[in-house]
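First comes the structure, then the notes that go with it.
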Amino acid sequence: QVQLVESGGGLVQVGGSLRLACAASDTFSGRAMAWFRQTPGKEREFVAVISGPGGSTSYADFVKGRFTIFRDYAKNTVYLQMNSLKPEDTAVYYCAARRIAVVAREPYGYDYWGQGTQVTVSS
């Protein structure tokens, strides 16, 4: 059982930056890792994903050019660097992992989830 622990959320002003981290309890070099987010009353939505070996990435259109996903294999950690934050980025952000390296954009494609970290962007 892989455990994922997110950190780095908080309150930031419009235009500011935050870096989220997701530490995995197990070696995850062969797994696709992703970030999703969710607001009250809405479905969980895809933000970004990074594949297993090779580290190819894919982003939701609404974060392209502002967010960057990357991973540190030595630390078993995946990060989400968020720049130029907007009020609509306010959400609980979740880290997710698959058992395989191939990326996916749907929540049901993921086998393991973190507990979530709150990001609030104030205007």
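Any read-out appearing in this document is the output of simple, stated calculations on the displayed coordinates, not a laboratory observation. Here the structure is a predicted model, which means the values were calculated and not measured. Please note: Cβ atoms are built from the backbone with ideal geometry, for glycine as well, and neighbour counts cover all protein chains shown.
Determine ³J(HN,Hα), in whole Hz, for all residues of segment 107-119 in sequence, where each value follows from phi through the Karplus function 6.51 cos²θ - 1.76 cosθ + 1.60 and θ = phi - 60°; x replaces Gly and Pro.
x, 5, x, 10, 9, 9, 9, x, 7, x, 9, 7, 10
Tell me the trypsin sites (Lys or Arg not before Pro) within segment 1-45 that lie in a loop according to DSSP and have at most 11 other beta-carbon atoms within 10 Å.
Working: sites: Arg19, Arg31, Arg37, Lys42, Arg44; in loops: Arg31, Lys42, Arg44.
Counting only loop positions with at most 11 other Cβ atoms within 10 Å, the trypsin sites (Lys or Arg not before Pro) in segment 1-45 are Lys42.
Counting other Cβ atoms within 10 Å, which GluC sites (Glu not before Pro) in segment 12-105 have at most 12 and lie in a DSSP loop?
Working: sites: Glu43, Glu45, Glu88; in loops: Glu43.
Answer in residue order: Glu43.
What does the charge dipole of segment 50-123 about its Cα centre add up to, to the nearest 20 debye, if the Cβ of each Lys and Arg holds +1 and the Cβ of each Asp and Glu holds -1? Can you show the working numbers first?
Values: 8 positive and 6 negative charges, 35 e Å.
That gives segment 50-123 a dipole magnitude of about 160 debye.
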